[in-house]
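Note sheet for the following structure.
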Amino acid sequence: MNSTHEKLAQALKLTLDEDQLTNCMRCGFCQTACPTFIETGLEAASPRGRIALMKAVVDGLMEPDESFRSQMDLCLGCRACEPACPSDVKYGQLIEQTRAAIAAEKPYSMPVRIVRKTFLQGVFPHRRRLKLIGKTLSFYQKSGLQKFARNSGAMKLFPDHLQQLEQALPDVSGDGLEELWSKAGFPYRRETTGSGSGLMVIPAAGDTVGRVGMFRGCIMDVMFAPTNVNTVRLLRQAGFEIVIPEEQVCCGALHAHAGEMGDAKQLAGRNIWAFVEANVDYIASNAGGCGALLKEYDHLMHAEPDERLSQAAVRFADQVKDISELLHNLGRPLEPIHAEAGKDDAAVAVTYQDSCHLRNVMRVQEEPRQLMSQLPGVQLCELQGAEVCCGSAGIYNLTQTEMSTTLLDHKMEHVEATGAKVIVTSNPGCLLQMKWGIKRAGLQNGIEAVHLADFLAKQVRMEDQLD
């Protein structure tokens, strides 16, 4: 065993949770839930196979060579295996621990390291830099540069999948949630916490049923800020007072998935204290990927030497709710605009693609469907394989393009079979992937992809009306 492999093997022995490794009974129930196993048929590309590889390294039976690393990288991290596992193996924790050891002991190539450092450390944790990217994207789209880049053939310098993803980008305003809310003239007030941190507080429409902290996210607030606005409008109409802490930062999900656990913990600590000071009943997430990690801050921070922080993390995780949970289970019923629609009226055919982390980690799957099914004039068409990952998986569609594209193409075949005119999802990465899939399949004249919050906002009566 060479020195690099030996260091990584030792790191894995110290990092991996031995109880979780031995909990796996090798029953194989996870295989039918695993997208990469379904596509390849390879045992090593299944959760059971990957756990066997991890254990073999820990037991000294194999080296953590390039084939080992490639299988760990091929994993989508969708965690569909966890609900299927009768032994409740925490596979997500094992794959993140493995990737953390790989990142620490076996550095990536220079180009990959530059990209990881630039975005994971240089961009996502810093709100001002994120807003600058948003302003830059807005200028690119509105100034004519985007049209020139497409018409001149300059985009052909990039790989096909990047060209298609660029075409799927939403119109970016350059403003975040707070800026759009205040510019719209909607009601709010400013408050200051005991430590001097700022809060935007938005009153409930009518009687207040609870105080909700809005987690605005990083990508969500740069590329999908109008969706954040619609989320707050819905929560407000359902009777919630909404609090937006200024000190909140990126959730750290991309860092955790990439094995940068130190950075993920640092971001988690900042978010925990920001929402503790906001004194909220619940914490709202409208992005399945973010919500899943927020929901697991208790696990992420359980070994922190600061006992106050680890205890606060437990309460934080318990407060995290997806917007569909808040709207369906805890808020006042929303009034449909088309309440008078009858059974004989033409209904809009809609299908729903689950966010993997929302379904498999937060265990939310019925609430979005029920919210849509209860709307007059909406016909929910179940999507075959809605529980199977679409191939987005954070930045997976950039790092594992071939597998991502294969999964997406199969997904679009199932979408077309539903006859739906609208694909609804609950995560920004999934939404971009669906938009890309629509273009790849040539369906852009017949199908659109929207976020759940944006879909609901067009279907229910609200006090805050957008122009």
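The values are calculated or read from the model by the stated rules, or taken from the named source; none is laboratory data. Here the structure is a predicted model, which means the values were calculated and not measured. Cβ coordinates were reconstructed from backbone atoms using ideal geometry, including for glycine residues, and neighbour counts include every protein chain displayed. When the accessible area is computed, the model is the full protein with side chains, heavy atoms only, and any ligands, DNA or RNA have been set aside. Shrake-Rupley method; radii C 1.70, N 1.55, O 1.52, S 1.80 Å.
Key figures for this structure:
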read-out	value
Cut-off under 5 Å, modelled amide H: who pairs with Q379 long-range	V348, A349, V350
Long-range amide H partners of V249 with built H, under 5 Å	N271
Cysteines, the chain, no other Cys beta-carbon under 4.7 Å	C24, C27, C34, C75, C85, C381, C390, C430
Table column - 3J(HN,Hα) (Hz), the stretch 260-274, Karplus curve with 6.51, -1.76, 1.60, x for Gly and Pro	8, 5, x, 5, 4, 5, 5, 5, 4, x, 5, 5, 4, 5, 4
Label-point separation, A349 to F29 (7 Å along Cα→Cβ), nm	3.5 nm
Surface share of carbon and sulfur [accessible, 1.4 angstrom probe, percent] for the stretch 177-330	47 percent
Under the Karplus curve 6.51 cos²θ - 1.76 cosθ + 1.60, θ = phi - 60°, whole-Hz ³J(HN,Hα) for the stretch 321-335, x wherever Gly or Pro sits	9, 6, 4, 5, 5, 5, 5, 7, 9, 10, x, 5, x, 8, 8
Derived scalar couplings ³J(HN,Hα) [the stretch 209-220; Karplus, 6.51 cos²θ - 1.76 cosθ + 1.60; whole Hz; x for Gly, Pro]	9, x, 10, 10, x, 8, 8, 7, x, 9, 4, 4
Exposure ranking of T231, T22, T4 by accessible area [1.4 Å probe, largest first]	T22, T4, T231
Amide H contacts under 5 Å for A393, placed H, 5+ residues apart	none
Inter-probe distance in nm under a simple model that places probes 7 Å from Cα toward Cβ, at Q10 and R129	3.3 nm
Cβ-derived FRET efficiency at R0 30 Å, S152 paired with Q444, nearest 0.05	0.85
Accessible surface, the stretch 348-458, averaged per residue in Å² (probe 1.4 Å)	37 Å²
Answer label, with log10 I(q)/I(0) by the Debye sum over Cα atoms at q = 0.07, 0.09, 0.12 Å⁻¹ calculated from the coordinates and candidates (i) -0.31, -0.53, -0.98; (ii) -0.41, -0.66, -1.06; (iii) -0.36, -0.61, -1.11	(iii)
Lys, Arg +1 and Asp, Glu -1 on Cβ, resulting dipole of the chain about Cα centre, debye, nearest 20	1160 debye
